[in-house]
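One structure below.
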Amino acid sequence: MHLLIPAAGSGRRMGSQRNKLLLTLLGKPLLSWTLAAAEASQQISWIGIMGQPEDFPDFEAILKDLSPKKPIELIQGGTTRQESVYNGLQALPIGADRVLIHDGARCLATPELFDRSADALLGCPGLIVAIPVKDTIKVVDEARIVRDTPERSHLWAAQTPQGFEVKLLKQCHEAGRLKGWEVTDDAALFEKCGLPVRIVKGEETNLKVTTPVDLALAEFILRQRS
Ligand code: CTP
Ligand code: MG
């Protein structure tokens, strides 16, 4: 199974000077935790990391330190996550049939989660890892008036990995470019093209490190594990 890791963001909401994936978490860069889990997965055999070229020297240092047994390639990312994944898809080795996509910022995903996702992807064209939402979610208009309260039992919070048949996902990305769709995950492109996306039960600890609070939580969880 091939894995693409979008890692080309800037971490604006983290408020740091550099890509948040290079911030230190228990003594190691955030991205190295994500990579260690992918390296430990039984099912993943090839990894592509999409990054901004100015971060490549740091990424190379992380790889040197990790000394992975799997082939890992650095791929130039884009100005949006969607564009970074598009670039990653173009850089997949010929013959890559199915692909998992996992945000570099989800550094707490376990090797077992990658393996469960890869296994499930053999039986469907598209999937996402997700968990049932715990909060009651409100739909709010521009004036900050609540317009709707969707039934919570139908609401799931999307995580990554997300997995797809490569040929289909490439077609969905091309359709998105043509039609100007702007989305925050790959499943949304699949959905807009009318293709089915299956749910795989995610992990509550698989948070996306987005703000400084997430960094503190991630550190706490990693400490509990070690
Ligand atoms: N990402 C990417 N290319 C971009 C933007 C984001 O590959 N042009 C990646 C990020 O590096 C991250 C993942 O997509 O691993 C999820 O994005 P997000 O959490 O939003 O990270 P950032 O875009 O870096 O953060 P922010 O939105 O706060 O700036
Ligand atoms: Mg972002």
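The values are calculated or read from the model by the stated rules, or taken from the named source; none is laboratory data. Remember, predicted model here, so these are calculated numbers, not experimental data. Using ideal geometry, Cβ is built from the backbone for each residue, glycine included, and neighbour counts are taken over all protein chains shown. Only protein heavy atoms, including side chains, enter the accessible area calculation; ligands, DNA and RNA are left aside. Shrake-Rupley method; radii C 1.70, N 1.55, O 1.52, S 1.80 Å.
Pulled fully out, how much extra length does the chain show between A91 and V140, if you take 0.36 nm times their separation in residues and subtract their Cα-Cα distance?
Gain on stretching A91 to V140: 13.7 nm.
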* **For the chain, accessible area per residue (1.4 Å probe, heavy atoms of protein chains only), Å²** => 52
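Based solely on its DSSP helices, what 222 nm [θ] is calculated for the chain when runs of n ≥ 4 H residues each add -39,500 (n - 2.57) and the sum is averaged over all residues, nearest 500 deg cm²/dmol? Could the numbers behind the result be given before it?
Details: 7 runs with 78 residues, N = 226.
Roughly -10500 deg cm²/dmol at 222 nm, from the helical runs in the chain.
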* Structure fact -> Counting only DSSP beta bridges with both partners in segment 1-135, the antiparallel fraction in percent, to the nearest 5, comes to 15
* Quick one: compute the contact order of segment 24-127, relative version, from alpha carbon pairs under 8 angstrom and 6+ residues apart, as a percent. => 37
* Asked: For the chain, which DSSP H helices look membrane-span-like by this rule: Cα extent along the axis of 18 Å or more and mean Kyte-Doolittle of at least -1.0?
  -> 166-179, 212-225
* Structure fact -> Judged on accessible area alone, 1.4 Å probe, highest first, S32, S226, S45 line up as S226, S45, S32
* Could you work out the mean projected area of the convex hull around the alpha carbons of segment 2-225, in square nanometres to one decimal? => 13.2
* **Count of lysine pairs in the chain with Cα separation under 19 Å (8 or more residues apart, or interchain)** => 11
* **Antiparallel DSSP beta bridges within the chain, as percent of all bridges there, nearest 5** => 45
* Asked: Which percent of the accessible heavy-atom area of segment 65-222 goes to carbon and sulfur, probe 1.4 angstrom?
  -> 53
* Run the quick spin-label model on S153 and A175: label points 7 Å from Cα toward the beta carbon, then report their separation in nm to one decimal. => 3.1
* Asked: Near the amide H of W156, under 5 Å away, which other amide H atoms are found, from residues 5 or more places off or on another chain, if H is placed in the peptide plane?
  -> V133
* Asked: Taking 0.36 nm per intervening residue step and subtracting the Cα-Cα distance, what contour gain separates K69 from T184 on full extension?
  -> 38.3 nm
* **Near-label residues of segment 150-192 by backbone N, under 12 Å of a point 7 Å along Cα→Cβ of I131** => 157-160
* Using a 1.4 angstrom probe and counting only protein chains, how large is the accessible area of F56 in Å², to 10? -> 40
* Structure fact -> FRET efficiency (Q17, L217; Cβ distance; R0 22 Å; to 0.05) is 0.55
